[in-house]
1. Among the residues in segment B:137-147, are any away from chain A (no Cβ under 14 Å), surrounded by fewer than 20 Cβ atoms within 10 Å (Cβ to Cβ) and farther than 23 Å from residue B:79 by Cβ?
2. So, in segment A:222-231, exactly how many residues are more than 18 Å from residue A:290 (Cβ to Cβ) and either crowded, with 23+ Cβ neighbours inside 10 Å or at pLDDT below 80 (or both)?
3. What residue, of A:388, A:393, A:384, A:406, is within 14 Å of chain B (Cβ to nearest Cβ) and either free of Cβ contacts under 8 Å to residues at least 12 places away in the same chain or at positive phi (or both)?
4. Quick check: is even one residue across segment A:285-301 crowded, with 20+ Cβ neighbours inside 10 Å, modelled with pLDDT of 80 or more, more than 14 Å from chain B (Cβ to nearest Cβ) and not in a helix (DSSP H, G or I)?
5. Scanning segment A:363-381 for residues that are in contact (Cβ under 8 Å) with a residue 12 or more places away in the chain and within 26 Å of residue B:121 (Cβ to Cβ), which turns out nearest to the other protein chains (Cβ to nearest Cβ)?
6. For residue B:97, all conditions in the list (1) modelled with pLDDT under 90; (2) within 14 Å of chain A (Cβ to nearest Cβ); (3) crowded, with 19+ Cβ neighbours inside 10 Å hold save one; what is the number of the exception?
7. Among residues belonging to segment B:117-132 that are free of Cβ contacts under 8 Å to residues at least 60 places away in the same chain and more than 9 Å from every other protein chain (Cβ to nearest Cβ), point out the one that is surrounded by the most Cβ atoms within 10 Å (Cβ to Cβ).
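The values are calculated or read from the model by the stated rules, or taken from the named source; none is laboratory data. Model, not experiment: these values are computed from the prediction. Methodologically, a virtual Cβ is constructed for each residue, glycine included, from the backbone with ideal geometry; neighbour enumeration extends over all protein chains shown.
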């Protein structure tokens with residue numbers, strides 16, 4: 001009769017034992033495949049154990065030295081990383097077996113079994129059960145180690161295959177970009193050699209050709225703007241009282257010039273209001289200048305097109321850019337000046353009225369002083385002069401106030417006139433503009449996008465080269481790992497595992513005797529040998545080499561060779577990568 | 001281009017400024033010294049005529065003229081009122097600037113105002129004495145200050161001196177030549193050389209009036225001037241006549 005203490009055949013280990021769980025002992029948490037359902041008794045304990053292994057075994061940051069486990073766990077790609085979980089599983093299962101041995105020992109001890117004075121024929125039942133479980137656990141351990149290693153080797157092989165594929169794809173892409181760059185360079189050279197079939201002049205002439213006429217119109221516009229806006233400044237800027245009197249006197253004197261009185265009065269008025277004259281003149285000149293400049297710039301902006309004259313495209317773009325800036329600034333300047341004029345005219349009536357009010361007060365005070373002077377000849381002379389002056393100023397300002405009200409009333413119309421004059425100045429600038437960009441520095445318009453495309457392709461080539469190198473490097477690393485796993489011999493620890501399983505029977509016997517208060521040596525039933533006969537293990541047994549591994553290595557070599565060939569001419573940088 | 005336009009402008013401006021400083025000596029103006037007598041010996045009509053004449057003279061003032069209004073001395077302790085002013089000397093003779101014209105008009109306005117004060121009829125009722133000699137002395141002082149200006153002394157008075165020393169209310173009281181010589185000897189007669197004297201408001205129809213005119217003829221001669229018969233009148237309707245022939 002075969003038992004666990006008799007030597008098994010080697011096939012028992014591989015095929016699984018004929019000893020298995022009989023289903024009667026529910027307290028046992030033993031599982032053949034490791035996926036057994038946990039009993040409530042040990043479920044929480046297993047959870048705590050997993051929790052401890054997962055979280056509490058992390059290196060303590062306050063330790064002066066790193067946790068030893070952390071050092072061991074560092075290599076996630078080595079054999080240890082693969083067998084670590086299996087070792088943990090083995091230890092856990094062994095602990096449960098030992099626990100079960102103690103329980104069986106206690107149960108048998110309560111019943112006084114085995115009798116210490118009676119010799120047993122055959123193996124003690126609990127020891128047989130425990131022995132079979134130990135045997136099964138060893139078989140499972142061996143199977144798990146081999147399976148895990150084979151799975152890992154296969155996984156690495158798949159990764160190697162994938163990386164070779166990626167390397168090949170990157171290398172092909174690199175070659176494709178190289179070809180495309182070559183074509184693009186050819187196109188660029190062709191366009192650089194391109195000459196316009198009809199090198200016509202790039203520019204335009206004046207629409208309005210007469211310089212004399214231009215200055216005449218410019219002068220008319222300036223005078224018109226000045227005449228329209230000067231009164232506003234005259235009213236806005238207060239005039240010295242002496243000048244006010246002088247202006248009044250001059251106005252009266254101009255009456256003798258009959259039909260020239262109008263221009264004379266205006267001219268005298270302009271000269272007497274010199275501050276207003278200066279400000280108005282500067283504002284008007286600036287307005288006309290802005291209008292003319294804006295019109296000229298507008299023509300430069302609309303007249304040229306890079307598409308129509310591709311060989312002058314660069315010059316045209318620069319030219320248009322500058323004139324666009326001038327146009328915008330000029331336009332904003334015109335808007336600012338016209339807005340200033342508009343808002344100034346909108347409030348001159350109030351300004352003029354306030355002056356009238358102030359003059360009225362001054363006149364009333366002068367009249368009071370004159371009355372107070374009585375018959376005092378000296379005082380009367382002074383006060384009379386003051387009354388005369390105040391009267392004259394008041395009259396002047398009353399006229400101004402009436403004029404201001406009129407101006408304010410037609411403010412919108414005046415601003416339309418201003419806009420019209422500015423538009424006229426712009427038109428004048430537009431029609432008088434002349435430009436010649438024949439001295440061009442341009443190139444074919446297709447060159448710019450081609451250069452941009454070439455640059456993009458070079459960047460892509462660098463990216464492909466980098467990707468190919470990374471993939472090949474990863475593939476080589478995977479191949480090395482596979483070789484390492486194949487030569488790792490993970491079953492070399494089988495003797496230690498068997499030794500630990502041998503202790504289960506001894507633990508049963510010791511615990512039974514201890515409970516019963518006996519020495520195990522005094523129990524005759526325990527005199528039988530307790531050694532479990534495990535099958536022999538060939539620790540040098542090699543793992544199965546993937547069938548495609550050699551082919552993959554060949555492909556990797558080919559890819560590296562291909563990459564070296566392509567990289568020799570396809571990588572834009574001067575430094576060519578090696579294999 | 002800019003310089004070529006700007007330079008002629010400043011050149012023109014410089015020429016214009018240069019013309020303003022002419023080499024011709026400026027017009028110095030004329031000095032009018034007016035003695036105003038509103039004493040009770042003159043009736044309302046005479047006062048109105050005098051005022052009208054003075055207003056006319058004022059209207060005929062030119063730029064640079066000097067006007068002095070003197071209330072005829074009343075004698076006693078009450079001082080005579082007087083006002084003297086002038087317009088600025090013109091920068092260019094015969095072509096007053098607008099500013100000068102405006103100042104002249106202001107000056108005339110003030111002068112008219114002063115005239116209306118001096119011809120105050122209410123004040124006339126309180127004046128009982130007339131010191132023409134004192135007025136002539138003060139006029140001589142003003143005339144001396146006129147320097148190179150032509151000076152016209154216009155006396156709007158009946159020329160009847162009524163002071164305790166000399167009362168001309170009666171023909172017999174009018175001093176004779178001897179009195180004038182004594183004053184001249186004592187150098188108590190004011191010097192009026194070069195002064196054109198014009199009298200408006202004097203009585204020229206009565207014997208007393210003729211006697212008074214003879215006295216003043218002699219007196220003015222002693223004062224180194226001369227009053228022609230045409231300038232010693234009761235009434236002058238045209239202010240342009242307030243002048244001496246040949247002046």
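1. Yes, there is a match, as at least one residue in segment B:137-147 is away from chain A (no Cβ under 14 Å), surrounded by fewer than 20 Cβ atoms within 10 Å (Cβ to Cβ) and farther than 23 Å from residue B:79 by Cβ.
2. Residues flagged as more than 18 Å from residue A:290 (Cβ to Cβ) and either crowded, with 23+ Cβ neighbours inside 10 Å or at pLDDT below 80 (or both) within segment A:222-231 amount to 1.
3. Values: A:393 fails: either free of Cβ contacts under 8 Å to residues at least 12 places away in the same chain or at positive phi (or both); A:384 fails: either free of Cβ contacts under 8 Å to residues at least 12 places away in the same chain or at positive phi (or both); A:406 fails: within 14 Å of chain B (Cβ to nearest Cβ).
On inspection, the qualifying residue turns out to be A:388.
4. Taking segment A:285-301 and keeping what is crowded, with 20+ Cβ neighbours inside 10 Å, we get A:287-288, A:290-300.
Still in the running and modelled with pLDDT of 80 or more: A:287-288, A:290-300.
Imposing the further condition that a residue be more than 14 Å from chain B (Cβ to nearest Cβ) reduces the set to A:287-288, A:290-300.
Of the ones still in play, those that are also not in a helix (DSSP H, G or I) are none.
No; the residues of segment A:285-301 include none that is crowded, with 20+ Cβ neighbours inside 10 Å, modelled with pLDDT of 80 or more, more than 14 Å from chain B (Cβ to nearest Cβ) and not in a helix (DSSP H, G or I).
5. Ranking the qualifying residues of segment A:363-381, first place goes to A:370.
6. (3)
7. Within segment B:117-132, the subset free of Cβ contacts under 8 Å to residues at least 60 places away in the same chain is B:117, B:122, B:126, B:131.
Right, trim to more than 9 Å from every other protein chain (Cβ to nearest Cβ) and you get B:122, B:126, B:131.
Values: B:122: 7, B:126: 9, B:131: 23.
In this case the residue turns out to be B:131.
Results for (1) surrounded by 12 or more Cβ atoms within 10 Å (Cβ to Cβ); (2) within 14 Å of chain A (Cβ to nearest Cβ); (3) at pLDDT 70 or above, shown as yes or no for each residue.
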| residue | (1), (2), (3) |
| --- | --- |
| B:5 | no, yes, no |
| B:13 | no, yes, no |
| B:25 | no, no, no |
| B:28 | yes, no, yes |
| B:32 | yes, no, yes |
| B:45 | no, no, yes |
| B:50 | yes, no, yes |
| B:75 | yes, no, no |
| B:87 | yes, yes, yes |
